[in-house]
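Throughout, read-outs are computed from the coordinates displayed, never taken from laboratory work. Every value quoted in this text rests on a predicted model; they were computed, and no experiment measured them. Cβ sites come from the backbone with ideal geometry, for glycine too, and all protein chains shown count toward neighbours.
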Ligand SMILES: [Zn+2]
């Protein structure tokens, strides 16, 4: 109880410190190494890239509730500068993200991560698309899925995640949505990353990648 009261007092002090007239706290980013233990569910021997080539990229972002948060992405080392630039831009324009956690927090399940509206990057898995099995660009840590509920992947008549069904109609722009000509797509385009929403037939609105795949 005592610590709860102390916490409330501290929270109240912080609320005063964060009065609207004050500028927003700055964007922050931090790059950390990755161990095999960090990737217990998302990596196995035989995957195209491993812990030595991956990094944990910690970034500040804004939630849908307007509150500042810290998130973490696992990405290929060579795309860290580009993604740090993108997230700095998204922070500046207060683009909302639901949560940003490595897919290992979801035991490597893409479905669970998407259902939680989680923004994530590296996952050693095959591409969802039909045809011969091949690695997803996520398996290289060079693709990222942004707000999957607001930006579902429409593939083979399915809406992935199913919670994204209200967002299949792309004509009405709502917070968190990637739209052609919009600021999210522009932030990625500025660093040369391409958007899966342009794929005809099976648009993947949540997906951005360095390779275009
Ligand atoms: Zn993706």
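For Cα pairs less than 8 Å apart in space and 6+ apart in sequence, what is the mean separation divided by the residue count of the range 78-165, i.e. the relative contact order in percent? Walk me through the intermediate numbers first.
Details: 120 pairs, mean separation 20.3, N = 88.
Here the relative contact order equals 23 percent.
In what sequence do 31, 168 fall when counting other Cβ within 10 Å, fewest first?
Working: 31 14, 168 11.
So the ranking, lowest neighbour count to highest, is 168, 31.
For the chain, what does -39500 (n - 2.57) per DSSP helix run (n ≥ 4), summed and divided by total residues, give at 222 nm, in deg cm²/dmol to the nearest 500?
On the way: 4 runs with 42 residues, N = 213.
So the calculated ellipticity at 222 nm is -6000 deg cm²/dmol.
Could you compute the FRET efficiency for residue 70 and residue 200, with r as their C-beta to C-beta distance and R0 at 35 Å, rounded to 0.05? Don't jump to the answer; show the numbers that get you there.
Values: r = 37 Å, r/R0 = 1.05.
Efficiency computed from Cβ-Cβ geometry: 0.40.
Given the Cα-Cα distance of residue 32 and residue 171 and 0.36 nm per residue of separation, how much length would full extension add, in nm?
Numbers: separation 139, 0.36 × 139 = 50.04 nm, distance 3.94 nm.
Gain in length upon complete extension: 46.1 nm.
Please determine, in degrees from 0 to 90 and to the nearest 10, the orientation of helix 80-92 with respect to the longest principal axis defined by the Cα atoms of the chain, where the helix direction is its Cα long axis.
Once rounded, one gets 50 degrees.
For the Cα atoms of the chain, what angle does the longest principal axis make with the long axis of helix 2-17, in degrees from 0 to 90, nearest 10?
90 degrees
Let me know the shape class of the range 26-209, please: from the alpha-carbon gyration tensor, a ≥ b ≥ c as square roots of the eigenvalues, rounded when a/c is under 1.5, otherwise prolate if a/b is greater than b/c, or oblate. Intermediate results must be reported in sequence, preceding the final value.
Values: a/c = 1.56, a/b = 1.09, b/c = 1.43.
Oblate, because a/c is 1.5 or more while a/b does not exceed b/c.
Could you work out how far apart the two model spin labels at residue 191 and residue 107 are, taking each label as a point 7 Å from the Cα in the direction of the beta carbon, and quote it in nm?
About 3.2 nm, to one decimal.
Run the quick spin-label model on residue 183 and residue 159: label points 7 Å from Cα toward the beta carbon, then report their separation in nm to one decimal.
Between residue 183 and residue 159, the simple spin-label model gives 2.6 nm.
Who wins for biggest fluctuation among 136, 171, 109 in a Gaussian network model of the chain, springs between alpha carbons below 10 Å?
With Cα springs under 10 Å in the chain, the top fluctuation among 136, 171, 109 is at 171.
Return the whole-Å distance between the Cα centroid of the range 139-213 and the Cα centroid of the range 52-75.
Taking the Cα centre of the range 52-75 as reference, the centre of the range 139-213 is 18 Å away.
If I take every Cα pair under 8 Å that is 6 or more residues apart in the chain, average their sequence separation and divide by the length, what percent do I get for the relative contact order?
Once divided by the residue count of the chain, the mean separation gives 15 percent.
Highest mean first, how do 43-50, 191-198 rank when packing is the count of other Cβ atoms within 10 Å averaged over residues? Present the calculation step by step, with values, prior to reporting the outcome.
Values: 43-50: 14.0, 191-198: 18.0.
Top of the packing list down: 191-198, 43-50.
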